[in-house]
């Protein structure tokens, strides 16, 4: 009985480590510069979550770079301010799980009461990291014809994932060409 309890405890402990590896956050990174391309150090960056009104702040470093990490998925308005420059804002930046959107803010010289509003979207191509991630919506889960209702069946929806047959009739799977174990 004691060995069973210790095994259960170890499984619970190890499952926490596995879940810790699953990314549920997103990030906004970028650079702040003036029209000549010179970096602006100490610029104040605010990412405002449009759904709940919570804001996350950052400051640009000496090279004009900034990072706002651990943001929940959602729609954000990014505002950049620096002394002696007009305020710059991006009306909406959409983040999904695992996104790392890059923003380039070019601040114009002027008073802080003037606002530069940028219309457009951020790049859809991921250039910050070399991972493949996807968001599976609840409606997609409900509409899937999964016979066993095993959540591992959803792994087949991830880009780069494929199931392979073997000569002995067993099914194996690969993600990005690497074999995986499937219970």
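Observations on the model:
- Pairs are defined by a Cβ separation below 7 Å, a sequence spacing of at least 6 or placement on different chains, a first member in the stretch 56-77 that is assigned by TED's automatic domain parsing to the domain that holds residue 46, and a second member that is in a loop (DSSP other than H, G, I, E, B) and exposed (fewer than 12 other Cβ atoms within 10 Å of the Cβ); the pairs so defined are 74/51; 75/51.
- Residue check, residue 47 under 14 Å from residue 95 (Cα atoms), crowded, with 18+ Cβ neighbours inside 10 Å and in contact with a strand residue (DSSP E or B) (Cβ under 8 Å, 6 or more places away or on another chain): yes
The values are calculated or read from the model by the stated rules, or taken from the named source; none is laboratory data. This structure is a prediction, so every number in the text was calculated from the model and none was measured. Counting neighbours? That spans all protein chains shown, and the Cβs are built from the backbone with ideal geometry, glycine included.
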